[in-house]
Amino acid sequence: MSLNEHKQRLKRLREAMAKARTSAFWVSHAPNVFYLSGFTGDSGGLLVEPSRATLLTDSRFTTQAHEELAGARIGVKIVKGPLAAAATAELLGRRFRGSVAFESARVTVADSARLRKGASGRIRWRGAEGWVEALRRVKDAEEIAEMRQAARLASEVLTEVIALLKPGLRECDVTAEIEFRMRRRGATGPSFETIVASGPRGALPHARATTKPLGRNELVVIDMGAILRHYCSDLTRTVFLGRAPARIRRWYRAVKEAHEAACQVLRPDARAEEPDLAAREVLRGYGLEAAFIHSTGHGLGLEVHEEPRLGRGQKSPLGPSSVVTIEPGVYLEGLGGIRVEDDVLVLPSGPQLLTDAPREFLEL
Ligand code: ZN
Ligand code: ZN
């Protein structure tokens, strides 16, 4: 992360803090700590004040913290032993009086009790939800470049693996092949457990891959994504092993049209529910609305599920240069599922697809 980007991010957070009249914010959710500081350790937190920021971590991360924060104007404080909320609170208690915000949706009940006890009444903890997450909705130029790469990697791997599919291969063989190939291209891992669901198992939107062999004349849903330099991709394709009956081709056409309709309404000022309404409208026309049992998509970035959720009742605008997935699907018990998912960058000039594996119905 360049120093300039990170300075901008802290500046935006401090503006939000000033608006909320908070003089200090204890950021502990690892992706948020990384977003603001560049620190990749999985233990620690960032204390943001109006004119300084301090990373607190434990001695296992001393070298790493100094390396990753080199040049950034962020102090490093090593807390003795594994970083405990109590030690942090005590330290804060020595430095502050009054109100300190913390990420209430990210802290366990036990840690929240330790925070309170450690500061022994000198600090008034104040819950803050989604402050950094709101900033993360808007991707900066550097993030967009990284996400393009992560999306391209997933597209290449999935395109290659689809060409290998044949009856008899087991679902777990396919996931292994996908994850092997993504790591060979530099991914640090899958952004979630790779889904390969064949035949009737495809009717479960989040099916885990099993040892079931892919059968002839079955639908196969593959939902996968890679983490490349911290950024996630998320991509789904559905293929048919054999020559598909007309009704399956019609269902696929419905899902693809729903996908296109949802993409078409993506713009920074669109409400987050708009793509969902558009996708549902198309599926209703095919009599398949009841078979679409999840929301149309989600934000994507350092985490695979981020703000916003593209579902009914979500009124907030998508925001400029947000990255979201569009993933309508139909699920028919006993028969299987069809889902088509892409990652899309939302620009004022219109949506830009980041994933580019073939989208037409493949009968293999
Ligand atoms: Zn997915
Ligand atoms: Zn998704």
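Coordinate-derived values only; no laboratory data. Predicted model, so just to flag it, every value in this text is computed and none were measured. All Cβ positions, even for glycine, are placed from backbone atoms using ideal geometry, and neighbour counts span all protein chains on display.
Couple of notes before you dig in:
- With Cα atoms as the point set, the radius of gyration and Dmax of segment 141-363 evaluate to 16.4, 47 Å.
- Longest exposed-site-free window of the chain, the sites being GluC sites (Glu not before Pro) in a DSSP loop that have at most 16 other C-beta atoms within 10 Å: 194-332
- The charge dipole of segment 226-364, taken about its Cα centre with unit charges on the Cβ atoms of Lys, Arg (+1), Asp and Glu (-1) only, comes to about 440 debye.
- Sum of side-chain charges, Leu169 neighbourhood, beta-carbon under 11 Å (Lys, Arg +1; Asp, Glu -1): 0
- Where only C-alpha atoms are counted, convex hull volume of segment 238-330 per residue in Å³: 98 Å³
- Residue-wise HN-Hα coupling along segment 187-200, computed from phi with Karplus coefficients 6.51, -1.76, 1.60 (Hz; x: Gly, Pro): 5, 7, x, x, 7, 6, 5, 4, 9, 10, 10, 10, x, x
- Rounded to the nearest 10 degrees, the angle from helix 109-118 to the longest Cα principal axis of the chain is 10 degrees.
- Considering only alpha-carbon pairs that sit under 8 angstrom and 6 or more positions apart, the relative contact order computed for segment 8-54 is 36 percent.
- Per-residue Cβ neighbour counts within 10 Å put Ile293, Ile248 in the sequence Ile293, Ile248, beginning with the fewest.
- Considering only Gly168, Leu332, Ile227, and ranking their Cα positions along the charge dipole of segment 141-363 that arises from unit charges at the beta-carbon of Lys, Arg, Asp and Glu, the one farthest toward the positive end is Gly168.
- With contacts taken as Cα pairs under 8 Å at a separation of at least 6 residues, segment 205-364 carries a relative contact order of 27 percent.
- Net charge contributed by nearby residues that have their C-beta within less than 13 Å of Gly189 (K/R +1, D/E -1): +3
- Net charge of Cβ neighbours under 11 Å - reference Thr22; Lys, Arg +1; Asp, Glu -1: +4
- Sorted by Cβ neighbour density within 10 Å, fewest at the top, the residues Met17, Met182: Met17, Met182
- Secondary structure note: in the chain, about 75% of the DSSP beta bridges are antiparallel.
- For segment 3-135, averaging the sequence separation of C-alpha pairs within contact (under 8 Å, six or more residues apart) and dividing by the residue count gives a relative contact order of 24 percent.
- Placing unit charges on the Cβ atoms only, positive for Lys and Arg and negative for Asp and Glu, gives segment 298-364 a dipole magnitude near 340 debye about its Cα centre.
- Nearest-ten-degree value, helix 171-184 long axis tilted from longest Cα axis of the chain: 50 degrees
- Fewest-first sequence of Trp26, Trp125, Trp251 by Cβ atoms within 10 Å of each Cβ: Trp125, Trp26, Trp251
- Seen against the Cα atoms of the chain and their longest principal axis, helix 246-264 is set at about 40 degrees.
- Within segment 283-352, trypsin sites (Lys or Arg not before Pro) in DSSP loop having at most 16 other beta-carbon neighbours inside 10 Å: Arg312, Lys315
- Across segment 311-364, the convex hull enclosing all Cα atoms gives 94 Å³ per residue.
- Note on the chain: lysine pairs with Cα distance below 17 Å, sequence gap of 8 or more or different chains, count 4.
- Segment 3-135: proportion of alpha-carbon pairs further apart than 21 angstrom, %: 34 percent
- Cα-based equivalent ellipsoid, segment 232-283: semi-axes from gyration tensor eigenvalues, Å: 26, 14, 6
- Beta bridge orientation in segment 23-180: antiparallel %, DSSP, nearest 5: 35 percent
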